[in-house]
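K.L.:
The structure that follows is given in the form of structure tokens.
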Amino acid sequence: MALRPKYVTFDCYGTLIYFEMAPAARRIYADRVDAARLDAFCADFSAYRLDEVLGAWKPYFEVVRNALERTCRLWRVPFREEDAQAIYDAIPSWGPHPDVPEALARVATRIPLVILSNSMTDLIPHSVAKLGAPFHAAYTAQEAQAYKPRMRAFEYMFDQLGCGPEDVLHCSSSFRYDLMTAHDLRITNKVFVNRGHEPPNPYYGYHEIQDIRGLPGLLGL
């Protein structure tokens, strides 16, 4: 049976937009970290970013900067403020995964699309403009004053939409940032976009698709 939510809600970076923070870090730190160990360096950078968003809200530049500094300290390599700035400044240039625009445009003809992103209000318009479909709303951690995976971010979205967990289908490529919290908030309709970022975990009860081209079929479109 096709799913019929009032809204289809999305994580943005990683799920819709190709998340280029690790590639940027690889380029910048190629002169300080052995090539064979750059993947491990980037994995630590990712882990510290998650840790940075779990507390009180702060601007996303501070999340990136602090995570990068902590990674450099762990690896005992020089940290430069301008490296964090370069990574952050590149975010508006990131584009969508190739499977995204056409599939989103099909869904948008029938169901309003919404983004809930760990982003800033001045960053998210650059990304939404590249997605190739009209969005009903794009909410940011800055507006919610909370980053995912905190429940407060999702609760802000529900309040703004005037709906509850039962009214949305939430799509993400991440369990740790999105789908675990969606489960805890009793969002029944969840979609795991398996882009290889994290392994599947059937405990959380979701529909799995390989990319956004699988979404219209779940919605009977």
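The values are calculated or read from the model by the stated rules, or taken from the named source; none is laboratory data. As the structure is a prediction and not an experimental result, all values here were calculated from the model. Counting neighbours? That spans all protein chains shown, and the Cβs are built from the backbone with ideal geometry, glycine included. Quick note on the areas: whole protein, heavy atoms, side chains included, nothing else; ligands and nucleic acids left out. Shrake-Rupley method; radii C 1.70, N 1.55, O 1.52, S 1.80 Å.
K.L.:
Taking a 1.4 Å probe, which of Val107, Val128 shows the most accessible area, and what order do the others take after it?
P.N.:
Result of the area sort, largest leading: Val128, Val107.
K.L.:
Now, a different point. Quick one, which of [x] 17.9; [y] 20.3; [z] 18.9 is the actual Kirkwood radius over Cα pairs in Å calculated for this model?
P.N.:
Read-out from the structure maps to [x].
K.L.:
Same structure, new question: In nanometres, what is the gap between the two model label sites at Arg27 and Glu69, each 7 Å from Cα along Cα-to-Cβ?
P.N.:
A separation of 2.4 nm, rounded to one decimal place.
K.L.:
Ok, one more. Given a 1.4 Å probe and the protein chains all in place, what does the accessible area of Met157 round to, in Å² to the nearest 10?
P.N.:
0
K.L.:
OK, next. For the chain, please report how many Lys pairs fall under 22 Å Cα to Cα, leaving out neighbours fewer than 8 apart on the same chain.
P.N.:
For the chain, qualifying lysine pairs total 4.
K.L.:
At a threshold of 8 angstrom on Cα-Cα distance, excluding pairs fewer than six apart, so keeping six or more, what relative contact order does the range 1-143 reach in percent?
P.N.:
It rounds to 31 percent for the range 1-143.
K.L.:
While we're here: Mind grabbing the accessible area of Phe135 for me, 1.4 Å probe, Å², rounded to tens?
P.N.:
Solvent-accessible area, nearest 10 Å²: 40 Å².
K.L.:
Helix 151-161 against the longest principal axis of the chain: what's the angle in degrees, Cα atoms only, rounded to the nearest 10?
P.N.:
Taking the Cα atoms of the chain, the angle to 151-161 is about 40 degrees.
K.L.:
Rounded to a whole number, what % of the accessible area of the chain do carbon and sulfur atoms account for, probe 1.4 Å? Please list the in-between numbers first.
P.N.:
Values: 5000 of 10000 Å².
Within the chain, the accessible surface is 50 percent carbon and sulfur.
K.L.:
Quote the accessible area belonging to Lys6 in square angstrom, nearest 10, computed with a 1.4 Å probe and with ligands, DNA and RNA left uncounted.
P.N.:
Rounded to the nearest 10, that gives 120 Å².
K.L.:
Ignoring ligands, DNA and RNA, what accessible area per residue does the chain give at 1.4 Å, in Å²?
P.N.:
That works out to 45 Å² for each residue.
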